[in-house]
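Working notes, beginning with the structure itself.
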Amino acid sequence: MYDPAKVETVSGTVEAVTQVVPMKGMYPAVAVTLKTDKEAISVHLGPEWYISRLDTKIEKGDSIEVKGARTTFLGKPTIIAGEVKKGDTTLVLRDAQGIPAWSGWRR
């Protein structure tokens, strides 16, 4: 679902942190609702088991910048995050081709 040709950068305030199941059989994932100056959009970060182990926590009220690929999930605009910047910290969740940091293999 991550298309490097559709990567964009958006910034805003986290309105909510939720859990979603991207596809049947996949691990629950962490998503945030990001309120930008143009829209409120769902941003999928990664599997809950991976995101919960990171030192930097993304919480409601945080100001963040997200670099990721825009797609549609369940009929709604969604961004699959590649990088998330919070303050001076950058979480690299996917490489430039969209391969997840939690993936144990490379193409």
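Report which label in (1) 30; (2) 14; (3) 43 holds the value of percent of Cα pairs over 24 Å apart derived from the coordinates of this structure.
(2)
Convert each backbone phi in the stretch 13-21 into a coupling constant with the Karplus relation 6.51 cos²θ - 1.76 cosθ + 1.60 (shift: θ = phi - 60°), then list the ³J(HN,Hα) values in order as whole Hz, x for Gly and Pro.
The phi angles translate into 10, 6, 8, 7, 10, 10, 10, 10, 10 Hz.
Among R53, R94, R70, what is the fewest-to-most ranking by other Cβ atoms within 10 Å?
Lowest count first: R53, R70, R94.
Quick one: length gained pulling W49 to L74 fully straight, 0.36 nm per residue minus the C-alpha distance?
6.7 nm
Considering only the other residues whose Cβ falls under 13 Å of the Cβ of K38, what net charge follows from Lys and Arg at +1 and Asp and Glu at -1?
Local charge sum for K38: -1.
Only helical DSSP H runs with n ≥ 4 go in: add -39500 (n - 2.57) per run for the chain, normalise by residue count and round the 222 nm mean residue ellipticity to 500 deg cm²/dmol.
Taking each H run of at least 4 residues, the total per residue is -500 deg cm²/dmol.
Springs between alpha-carbon pairs under 10 angstrom, Gaussian network model over the chain: which of K57, K86, K24 fluctuates most?
In this elastic network of the chain, the residue with the biggest mean-square fluctuation among K57, K86, K24 is K24.
Within straight cross-link reach of K35, meaning Cα distance under 27 Å, which lysines are found once same-chain residues fewer than 8 apart are removed?
Excluding near neighbours in sequence, the set is K6, K57, K60, K67, K76, K85, K86.
Mind listing the phi-derived Karplus ³J(HN,Hα) values for the stretch 91-100, rounded to whole Hz, using 6.51, -1.76 and 1.60 with θ = phi - 60°, and x for any glycine or proline?
8, 9, 9, 9, 7, 4, 8, x, 6, x
Return the Rg/Rh value of the stretch 18-71, two decimal places, where both radii are evaluated on C-alpha atoms and Rh is the Kirkwood radius.
Answer for the stretch 18-71: 0.96.
A short reminder: the numbers here are calculations on the coordinates, not readings from a lab. Keep in mind that this is a model prediction, so the values were computed, not measured. So basically every Cβ, Gly included, is an ideal-geometry build from the backbone, and we count neighbours across all protein chains shown.
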